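Here is the structure we will look at.
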Amino acid sequence: PLQDGEWVQEFLAKLAPASAPVPKPEATDEEASADYVNTPFTLRELNSALSNRSDSSPGKDNLSYGMLTNLPVIYKTKLLSFYNDFWFTGEFPPEWSEFVVVPIHKPGKEPNKADSYRPISLASCLLKTFERMIKCRLQWWIEHNNKLPPSQFG
């Protein structure tokens, strides 16, 4: 068995290895110039990304979906401006790379072993909302440009 505190180190080592390669997406000029994908996000897209979201646990910034959903239009417009800046520059706030990782004890497992826990990562709702907006655009583009192989579904 691990000593007090050792399980935490083992748990973190499994969660975040020393290095992990990040593949860079490649696109042809034709694919990169898709009109719809490269237009600014709209307030409708932002509101759609925020709709029907449960008020889940916030990330490190403590901003919840409820807070974002209930922003007055003037502040949603400002948030949208930030999202569009991020979209066109490819530069994101470094804080969006920071997650709160909470180890959840598995029922019936020994509490002093790293394998007795599963990690839950809490990301910023600002990040998750932006990801949802991007996902909707990419899904639309993939479907309308027949980029999904027939064998792929779901």
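Do the conditions hold for Lys76, that is, is it exposed (fewer than 13 other Cβ atoms within 10 Å of the Cβ), modelled with pLDDT of 90 or more and not β-branched (Val, Ile, Thr)? It is false that Lys76 is exposed (fewer than 13 other Cβ atoms within 10 Å of the Cβ), modelled with pLDDT of 90 or more and not β-branched (Val, Ile, Thr).
Among the residues making up segment 71-87, those that are farther than 18 Å from Pro58 by Cβ, in contact (Cβ under 8 Å) with a residue 12 or more places away in the chain and over 17 Å from the mean Cα position of the chain (by Cα) are Val73, Thr77. Across segment 100-138, the qualifying residues are those that are surrounded by 14 or more Cβ atoms within 10 Å (Cβ to Cβ) and among the small types (Gly, Ala, Ser), and the one among them that is modelled with the lowest pLDDT is Ala114. Within segment 98-130, the set of residues being assigned to a helix (DSSP H, G or I) and within 29 Å of Ser51 (Cβ to Cβ) comprises Cys125, Leu126, Leu127, Lys128, Thr129, Phe130. Of note, Ser19 does not satisfy the criterion of being assigned to a loop (DSSP other than H, G, I, E, B), of a type in the set (Gly, Ala, Ser) and at pLDDT 70 or above.
Would you please name the residue that is farthest from the chain's Cα centre (by Cα), looking only at residues in segment 57-70 that are of a type in the set (S, T, N, Q) and assigned to a loop (DSSP other than H, G, I, E, B)? The selected residue is Asn70.
The values are calculated or read from the model by the stated rules, or taken from the named source; none is laboratory data. The structure displayed is predicted, hence computed values, not measured ones. Every residue, glycine as well, gets a Cβ built from its backbone with ideal geometry; the counts of neighbours run over all protein chains shown.
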